[in-house]
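Contents: one structure, followed by commentary.
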Amino acid sequence: MPTPTSAPSAADVGAQWAAHNPDLDTSPMELVGLLKHANGVLSRAVEPLYAGAALTAPEVDMLIPLRHATEPFIARSLAERLGLSRAGVSKTLGKLEKRGFITRTPNPADRRAALVTITEAGAKAVDDLFPRQLSIEFDLLAGLGEDRARVTEALHRLVEVMEARVGHG
C-alpha cells in the first residue's frame, strides 16, 4: 500500500502541466492557488464558531448587508454586492426564509424581483455571530502588521481587474 504524500505545490503542478503541455500558460496557478488556500484557512478558522449555530458562515455573509439596511434589497442586488450567482443567492434566501431569518415580499415596481428584509430573528442571529467572527478574522490578520494596508490595496486592485474581465465575458 503506497504511503500518502503531501499535496504538491502550485509550482510543482504548474511544472507538471508545462511538461505535459508546453504551450499552456500556468502563470495564474500561483496567485489563484494562494487565494484558494487563504479562503480555506479562513473557512477552517471560523468553522468552530458555526458548529451547531443557527446559521452558516455564508448565510451570515448574506444577512450582513440586510442587517442595517434602511430599505429592502432585491436578490439581484445582493448577488452583485456579494459577488455571488443569482441562483445561489436565491437558493440561500429560500432557506433563510423557511427558517424565519428573512421575509420576501412582492416588489410593486417589478413582479419578478421580491423585496428581501431581515427579520428580528435574523438580526439577533447576526448580532450574536458576526462580532465573534470578526474577532477570529482580526486574530488571523494581526500578523500582517504594517503590510495590512498594502495587502488590502492589492486585493482591491485584484477584485477590480477580475470584475472588469467578468463584465466583458
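The values are calculated or read from the model by the stated rules, or taken from the named source; none is laboratory data. No experiment lies behind these values; they were computed from the predicted model shown. Note: ideal-geometry Cβ built from the backbone for every residue, glycine included; neighbour counts use all protein chains shown. The accessibility values were calculated without ligands, DNA or RNA, using every heavy atom of the protein model including side chains. Shrake-Rupley method; radii C 1.70, N 1.55, O 1.52, S 1.80 Å.
ASP110 meets all of the listed conditions (1) within 30 Å of VAL166 (Cα to Cα); (2) out of contact with any Leu (no Cβ under 9 Å at 6 or more places or on another chain); (3) among the charged types (D, E, K, R); (4) open to solvent by 80 Å² or more (accessible area, probe 1.4 Å) but one, namely (4). Residues in segment 52-91 that are more than 15 Å from VAL126 (Cα to Cα) and under 18 Å from the mean Cα position of the chain (by Cα): 17 in all. Taken as a whole, the structure places THR3 among residues that are assigned to a loop (DSSP other than H, G, I, E, B), among the hydroxyl-bearing types (Ser, Thr, Tyr), open to solvent by 50 Å² or more (accessible area, probe 1.4 Å) and at pLDDT below 90. Any residue at all in segment 135-155 that's under 19 Å from the mean Cα position of the chain (by Cα), over 20 Å from SER77 (Cα atoms), surrounded by fewer than 10 Cβ atoms within 10 Å (Cβ to Cβ) and not small (Gly, Ala, Ser)? Yes, there is a match, as at least one residue in segment 135-155 is under 19 Å from the mean Cα position of the chain (by Cα), over 20 Å from SER77 (Cα atoms), surrounded by fewer than 10 Cβ atoms within 10 Å (Cβ to Cβ) and not small (Gly, Ala, Ser). Considering the conditions (1) charged (D, E, K, R); (2) within 29 Å of LEU49 (Cβ to Cβ); (3) at pLDDT 95 or above, ARG157 is excluded by exactly one of them, (2). Do we find that THR56 is farther than 30 Å from ILE118 by Cα and either among the aromatic types (Phe, Trp, Tyr) or in contact with a Phe, Trp or Tyr (Cβ under 9 Å, 6 or more places away or on another chain) (or both) in this structure? Considered against the rule, which asks whether it is farther than 30 Å from ILE118 by Cα and either among the aromatic types (Phe, Trp, Tyr) or in contact with a Phe, Trp or Tyr (Cβ under 9 Å, 6 or more places away or on another chain) (or both), THR56 comes out as no.
Can you confirm whether ALA123 is exposed (fewer than 11 other Cβ atoms within 10 Å of the Cβ), under 22 Å from the mean Cα position of the chain (by Cα) and aliphatic (A, V, I, L, M)? I'd like the intermediate steps shown before the answer.
Numbers: exposed (fewer than 11 other Cβ atoms within 10 Å of the Cβ): no; under 22 Å from the mean Cα position of the chain (by Cα): yes; aliphatic (A, V, I, L, M): yes.
So ALA123 does not fit the description; no.
Checked across segment 62-80, the condition of being in a loop (DSSP other than H, G, I, E, B) and of a type in the set (Val, Ile, Thr) holds for at least one residue.
Looking at segment 95-105, which of its residues are at pLDDT 95 or above and either under 26 Å from HIS156 (Cα atoms) or outside any loop (DSSP other than H, G, I, E, B) (or both)? Write out each step before concluding.
First, pick out the residues of segment 95-105 that are at pLDDT 95 or above: 95-103.
Of everything in segment 95-105, those that are at pLDDT 95 or above and either under 26 Å from HIS156 (Cα atoms) or outside any loop (DSSP other than H, G, I, E, B) (or both) turn out to be LYS95, LEU96, GLU97, LYS98, ILE102, THR103.
Any residue in segment 14-34 that is open to solvent by less than 60 Å² (accessible area, probe 1.4 Å), under 18 Å from the mean Cα position of the chain (by Cα) and among the small types (Gly, Ala, Ser)? Yes, that holds for at least one residue. Within segment 110-169, being touching a Phe, Trp or Tyr at 6+ places or on another chain (Cβ under 8 Å) and in a helix (DSSP H, G or I) holds for ALA121, GLY122, ALA125, LEU129.
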